[in-house]
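**Student:** Submitted below is the structure of interest, expressed as structure tokens.
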Amino acid sequence: MPAPADASLTSFRYAVESTWNTSPTGAYRELAIISEDLGGDVGMTQSEEIVSDRTPPDNIQTESGGSGNIVCEAKGGNAVDGNQTWDDFWIGALAPAAGFAGDATSSLFTTGVTITPANVGGNNDRITLTISGNTWNGGFIAGGIVAVTGFTGVRAPLNSVYEVFSNTGGNTILTLTKGPRVPTSPGVETPTAGTPFKAQLCGTITNGIVPKSITMERKYSVANEFALLPGFRVGRFRLELRPKRPVRLTWTMLGKTETSRTTTISSSVVPFSGRKSFSAVSDMKAYALGEDGHSFALNEFTLDFTTGVYAQDEQAGTLGPIDIGLGTLGATGTIGFYYQAGTIFDWAQTFTEKSLWFALLNTTTGDALGFDLPRVNFKNPRRSTPGKDQAIKGSVEFQAARGTDPISTNSYFARVFRH
């Protein structure tokens, strides 16, 4: 009798389908996961016939399908640098017409320039980065998302993720918003080969109506044992930033079924790229309500994004779904923080609309991941007293609707960005 399959030796990988429920036979990409509970769903009912001895005379199959969750640690990464991680799942959730765009646009400086940061007069939420000795990339246009790394000393808090407000003065004055303020007497940044300065446009997608599906394969440590899960679409993702643990993502999937195999379906497996997991402390770099990215702090943050997918599984003569349909998008979440001021509670009571901006950034690797909801409202505000010998914490829930970014004037429900 063979030894039981070992979870620590299991390989979990996937490939994007060109046609729903048609499993690719080419290269599959391995994923780093914490756990998953994907599997087949078999529905049945008992016969309602009456028999004289009270026993159920039969079981009747009524449905079939596949579902489950994938739990992982949140990471950045992008295909341009050869370290794509969860891109296909983000695309599966938002269903854009095309993939991420913007990764190749950056400004990297090692010598010969100085960068002077300053706060913008008349708007407390914007800063300028004025460069001499070179220019900013002309692709930094209003509404773009830029991850900035390389500030040192008192300027280090400016390493963050911003939305571009403008790029003027012949691409020498970059005005950014939704980030921290410039400290008093900041001086200038003079990059060197040892401490380079980089402003990198993040790849972005916004919501669309072009569905994507994937096949997943589980390779067990037991010889010749595989499980195949075709025809799956993202039904939900949940991001959780909690104290004292890595940032987590949970993907909820809905698909065709699960079947057993004795051979792999893939021609090769691309190993996981090994990107670093985001920390809730050192990598939490950007959180803005409206353009204000400097007045609010977080203890906890959750984002629940639902795609509304549903199984089309009621066609007579066919076992299981004939497709997974697209449904209505939804985005809700919670914000938890040490209570210091009542601003956000006043917004909840007056039903004030704000945009919500949340981003993670590893300043060593340059990996970034973030979310832009151009229109949210707040509900269920709480700032009650929990008991003695502890800080009072506040919390508020939010819900998104389609909105317009006032900087780019683009209208969308949600935007995901990463690098």
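**Student:** Between residue 71 and residue 42, what is 0.36 nm times their sequence separation minus the Cα-Cα distance? Round to one decimal in nm. Don't skip to the answer; put the middle values down first.
**Tutor:** Working: separation 29, 0.36 × 29 = 10.44 nm, distance 2.31 nm.
Result for the pair: 8.1 nm of gain on full extension.
**Student:** Here's something else I'd like to know. Residue 345: net charge of surrounding residues, Cβ under 14 Å, Lys/Arg +1, Asp/Glu -1, itself excluded?
**Tutor:** On the way: positive: 354, 379, 382, 383, 393; negative: 346, 397.
That works out to +3.
**Student:** On to the next question. Once you sort the root eigenvalues of the Cα gyration tensor of the chain as a ≥ b ≥ c, which label holds: rounded (a/c under 1.5), prolate (a/b larger than b/c) or oblate (the other case)? It would help to have the intermediate numbers written out before the result.
**Tutor:** Numbers: a/c = 2.22, a/b = 1.68, b/c = 1.32.
Prolate.
**Student:** Using only DSSP helix segments of four residues or longer, with each worth -39500 (n - 2.57), what per-residue ellipticity at 222 nm results for the chain after dividing by its residue count and rounding to 500? Intermediate results must be reported in sequence, preceding the final value.
**Tutor:** On the way: 2 runs with 16 residues, N = 419.
Per the formula, -1000 deg cm²/dmol.
**Student:** Sticking with this one: Under a crude label model (7 Å from the Cα following the beta-carbon direction), how far is residue 55 from residue 193 in nanometres?
**Tutor:** 8.6 nm
**Student:** Between residue 411 and residue 379, what length comes free when the chain is fully extended (0.36 nm per residue of separation minus the Cα-Cα distance, one decimal in nm)? Kindly include the intermediate steps, with their values, before the conclusion.
**Tutor:** Numbers: separation 32, 0.36 × 32 = 11.52 nm, distance 2.33 nm.
Result for the pair: 9.2 nm of gain on full extension.
**Student:** Would you be so kind as to identify which of 182, 247, 196 lies farthest towards the positive end of the dipole of region 162-275, taking Lys and Arg as +1 and Asp and Glu as -1 on Cβ and the Cα centre as origin?
**Tutor:** Ranked along the dipole, the leading option is 247.
**Student:** Count charges around residue 293 for me, please; just the other residues with Cβ under 11 Å from its Cβ, Lys/Arg as +1, Asp/Glu as -1. Don't skip to the end; give the middle numbers.
**Tutor:** Numbers: positive: 126, 178, 181, 285; negative: 125, 163, 291, 292.
Cβ neighbours under 11 Å give a net charge of 0.
All of the numbers you see were taken from the coordinates with simple rules; none came from a lab. On a predicted model such as this, the values are computed, not experimentally measured, just so you know. Note: ideal-geometry Cβ built from the backbone for every residue, glycine included; neighbour counts use all protein chains shown.
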